[in-house]
1. Could you pull out the residue among ALA236, ALA258 that is in contact (Cβ under 8 Å) with a residue 24 or more places away in the chain, assigned to a helix (DSSP H, G or I) and closer than 29 Å to TYR76 by Cβ?
2. Just to be sure, is LYS50 basic (Lys, Arg) and assigned to a loop (DSSP other than H, G, I, E, B)?
3. Got a sec? Which of PRO326, PRO380 is within 30 Å of ARG149 (Cα to Cα), out of contact with any strand residue (DSSP E or B) (no Cβ under 6 Å at 6 or more places or on another chain), free of Cβ contacts under 8 Å to residues at least 24 places away in the same chain and not small (Gly, Ala, Ser)?
4. Mind listing just one residue for me: the one in segment 89-119 that is closer than 25 Å to LEU279 by Cβ, in contact (Cβ under 8 Å) with a residue 40 or more places away in the chain and assigned to a helix (DSSP H, G or I) and, of those, farthest from the chain's Cα centre (by Cα)?
5. Please tell me if ILE311 is modelled with pLDDT under 95, surrounded by 17 or more Cβ atoms within 10 Å (Cβ to Cβ) and either touching a Gly at 6+ places or on another chain (Cβ under 7 Å) or in a strand (DSSP E or B) (or both).
6. Could you identify the single residue in ALA415, ALA423, ALA382, ALA430 that is surrounded by 21 or more Cβ atoms within 10 Å (Cβ to Cβ), at pLDDT below 95 and either touching a helix residue (DSSP H, G or I) at 6+ places or on another chain (Cβ under 9 Å) or closer than 25 Å to ALA242 by Cα (or both)?
7. Hey, LEU302 hits all of (1) of a type outside the set (Lys, Arg); (2) within 23 Å of HIS131 (Cα to Cα); (3) surrounded by fewer than 21 Cβ atoms within 10 Å (Cβ to Cβ); (4) in contact with a helix residue (DSSP H, G or I) (Cβ under 7 Å, 6 or more places away or on another chain) but one; which does it fall short on?
8. Output the residues belonging to segment 32-45 that are surrounded by 15 or more Cβ atoms within 10 Å (Cβ to Cβ) and within 12 Å of LYS84 (Cβ to Cβ).
Amino acid sequence: MNNSYDYIIIGSGAGGCAAAYRLVRAGKQVLLIEKGQSLPADGSTLDLQKVIRQGVFKSKEPWLNRLGSQFVPEEYFNLGGKTKWYGAALLRYGAHEFEAEPDFQCLPWPISYQDLVPYYEEAETLLGVRHFEIEPDLRVIVDRIGRRRSGWRVEPLPLGLAAEIVDYPEEAKHFDGFASVRGLKAEGQSALLQRLHGHDNLTIIAGQPVHSLQGDYQAPRRIVGVALADGRRFNANTVLLAAGAMHSPRLLQSYVAASGLARQMPNHHLIGSYFKRHLLTALLALSGSRKTDLVRKTALLLNEKFPHSSIQPLGFDGELIATLLPAFVPLRVGNAFGQRCYGFFLQTEEGSHEQNRVVAGSNGGTKGYPALHYDPKLLPRAVVEHRRLVRGFRGALLGAGYASFVKAIPLEGTAHACGTLVAGSDARKAVVDGHGKVHGMENLYVVDGSVLPRVSRVNPSLSIYAWALRVAHQLSIRGHSHETTSNRANAVRA
């Protein structure tokens with residue numbers, strides 16, 4: 001195997017796959033490294049027992065919370081990353097969500113909405129984004145709410161699902177939180193990596209984590225490659241971090257500490273800071289009739305009273321809804337309850353606080369564990385709006401004839417993790433610049449959700465795809481003046 005590349009990409013989620021797609025098609029030699037293996041195609045990724053109850057495919061990596069207690073985030077290590085699992089909702093941020101909002105503790109992007117529009121459009125095309133018709137049960141619910149003049153408006157929800165998914169009920173019922181076997185859900189591997197089949201300038205290493213970034217002895221601001229956990233080393237002109245907001249900052253924290261760069265980088269204290277994930281609540285609306293909608297997750301609900309929040313249905317059928325109930329509820333009772341429920345996902349944008357941060361195990365995590373120091377109370381405006389959102393939507397449902405039950409998503413729910421290598425124009429206040437390059441580093445870029453200054457009121461996936469396409473496009477046309485990797489091989493840090 002070749003040891004020297006134009007680009008090494010660490011991680012194969014939305015950002016990693018999008019960057020690989022753009023760079024490979026530009027003719028660059030690319031090495032994509034993924035900590036996990038490819039998922040099986042034997043149907044097990046649609047098996048409720050294995051996926052939900054047993055958590056077979058979830059990470060088992062222990063973390064510590066801000067109080068020092070151990071927990072396991074709901075992370076996934078596999079080719080395609082989280083994009084294989086989560087619910088295919090692919091929405092653009094609003095133009096105003098690229099701007100600062102100090103009263104809500106929201107940071108500005110270093111680019112505008114218009115800067116990202118061409119890449120939003122490209123991502124939507126590559127991912128086959130489409131709308132599905134609102135199904136009968138959901139139509140009844142939203143019509144009843146709308147008749148009460150409660151301020152809720154309904155928009156079609158853009159989904160990365162194949163139109164023919166409705167012909168495969170097992171897939172249509174189990175796309176939200178499951179990995180498609182037939183390739184009916186657009187995600188990084190099927191929508192982007194598979195398009196690169198036959199390109200001999202892409203090398204993929206799966207099932208092997210990156211242990212560390214390797215720097216030039218004489219110029220530590222230049223990354224010359226990576227070391228894998230099995231001892232192998234690979235060199236590149238440029239390295240892109242795409243391991244996700246929970247993991248990319250740990251690699252950079254460890255490198256900065258080991259190289260002594262902390263004394264030279266005015267933003268080193270921000271590496272890992274500004275973690276955000278949305279304030280999230282699952283809601284079950286109960287009625288006396290059985291619910292028979294298939295896709296379910298077809299609409300977005302917005303209300304001007306809650307400008308930083310949105311609601312979307314869960315793509316859960318009755319059997320899956322039953323898994324949200326307490327464990328002591330008998331299975332038969334849970335299934336009967338679930339068949340009469342419609343699930344909703346309520347989310348509110350969080351602002352940014354420096355104390356909400358990821359800490360690498362070697363830099364402060366007790367017993368070597370990584371730590372997530374996170375307290376939503378540091379973002380009081382968001383907490384207040386989310387409480388009002390939950391209360392307001394429950395009231396609207398009750399007025400429409402639906403009792404409801406809610407369950408707050410705990411810290412383990414890291415599906416929308418963002419912000420730990422936040423992008424910004426000022427090197428003293430941000431880690432990454434508007435082109436994706438780490439401030440103070442010569443050739444280290446970031447293309448995952450850690451760069452997002454704002455988490456928005458909608459899912460971040462499409463914005464991560466678009467950001468990565470933009471960064472990779474600019475790299476492919478600009479290139480670098482650095483000396484070749486082969487000439488620097490002897491300078492790799494031991």
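The values are calculated or read from the model by the stated rules, or taken from the named source; none is laboratory data. No experiment lies behind these values; they were computed from the predicted model shown. Cβ atoms come from the backbone with ideal geometry, glycine included; neighbour counts cover every protein chain shown.
1. Numbers: ALA236 fails: assigned to a helix (DSSP H, G or I).
Sole residue among the options that is in contact (Cβ under 8 Å) with a residue 24 or more places away in the chain, assigned to a helix (DSSP H, G or I) and closer than 29 Å to TYR76 by Cβ: ALA258.
2. So LYS50 fails the test.
3. Details: PRO326 fails: within 30 Å of ARG149 (Cα to Cα).
The match here is PRO380.
4. For segment 89-119, the residue satisfying everything is ASP103.
5. No; evaluated as a whole, the condition is false for this residue.
6. Details: ALA423 fails: at pLDDT below 95; ALA382 fails: at pLDDT below 95; ALA430 fails: at pLDDT below 95.
Just one listed residue meets the conditions, ALA415.
7. Tallying (1) of a type outside the set (Lys, Arg); (2) within 23 Å of HIS131 (Cα to Cα); (3) surrounded by fewer than 21 Cβ atoms within 10 Å (Cβ to Cβ); (4) in contact with a helix residue (DSSP H, G or I) (Cβ under 7 Å, 6 or more places away or on another chain), LEU302 fails exactly one: (4).
8. Residues of segment 32-45 that are surrounded by 15 or more Cβ atoms within 10 Å (Cβ to Cβ), as a first pass: 32-36, 38-39, 44-45.
Scanning segment 32-45 gives GLU34, GLY36, SER38, LEU39, THR45.
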